[in-house]
Amino acid sequence: LAWLIGCTLGFSQPVFINEFLASNTVGATDENGQHDDWLELFNASNNPMDIGGMYLTDDLGQPTKWKIPDTNPTKTTIAPGGFLLFWLDGEPVQGVLHANFKLGAGGEDIGLFDAAGNRVDGLSFGPQTANISFGRSSDGGSDFQFFINPTPLASNGGTAGGSFAEAP
């Protein structure tokens, strides 16, 4: 299985795609009790970051696919060293943290772009196994791994829940 992982462009924008789950059938649930695909962002800076107005996409060639609403900064601000979870369920009517697309468990792209459409972070991934997430080995780091026990809204590095899994 070949993985094509995109590089984070510099450190001027300290928000990283930290972990995602493209086939969630028994794990974390959204506020409606649904097991939706999810994406966790990590703020590596020492300052809060409001990402309202930025974009998420599942097609790196279409960087402005879904604009993160800028109407509720209490929901879109990531604390220093903190995490923010988005539900990639194709149901944006369910709230500010619900994107208008779903991830394909067979593999595709995930990208985070700034308000001007410039790439902040992104990656391409291959086939995923249900309920095994993929993320950075340490929060904001450059190495990726699978997690048998996903760690949404928690640190990837040094946690008992973040046990490594071989590639499916």
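The values are calculated or read from the model by the stated rules, or taken from the named source; none is laboratory data. Note that the structure is a prediction, hence the values are computed from the model and not measured. Counting neighbours? That spans all protein chains shown, and the Cβs are built from the backbone with ideal geometry, glycine included. Heads up: the accessible areas ignore ligands, DNA and RNA and are worked out on the full protein's heavy atoms, side chains in. Shrake-Rupley method; radii C 1.70, N 1.55, O 1.52, S 1.80 Å.
Determine whether ALA44 is aliphatic (A, V, I, L, M), open to solvent by 40 Å² or more (accessible area, probe 1.4 Å) and more than 21 Å from THR151 (Cα to Cα).
no
Evaluate the following for GLU91: is it surrounded by 16 or more Cβ atoms within 10 Å (Cβ to Cβ) and closer than 19 Å to ASN32 by Cα? Steps first, please.
Numbers: surrounded by 16 or more Cβ atoms within 10 Å (Cβ to Cβ): yes; closer than 19 Å to ASN32 by Cα: yes.
Spelling it out, GLU91 is indeed surrounded by 16 or more Cβ atoms within 10 Å (Cβ to Cβ) and closer than 19 Å to ASN32 by Cα.
For the list (1) more than 15 Å from the chain's Cα centre (by Cα); (2) of a type outside the set (Val, Ile, Thr); (3) not in a loop (DSSP other than H, G, I, E, B), I need the number of the one condition that ALA116 fails.
Answer for ALA116: the failing condition is (3).
Among the numbered criteria (1) open to solvent by 40 Å² or more (accessible area, probe 1.4 Å); (2) under 15 Å from the mean Cα position of the chain (by Cα); (3) over 19 Å from ASP36 (Cα atoms); (4) aliphatic (A, V, I, L, M), which one does LEU153 miss?
For LEU153, the exception is condition (3).
If we keep just the residues of the stretch 100-142 that are among the aromatic types (Phe, Trp, Tyr) and closer than 23 Å to GLY27 by Cβ, which is surrounded by the most Cβ atoms within 10 Å (Cβ to Cβ)?
PHE134
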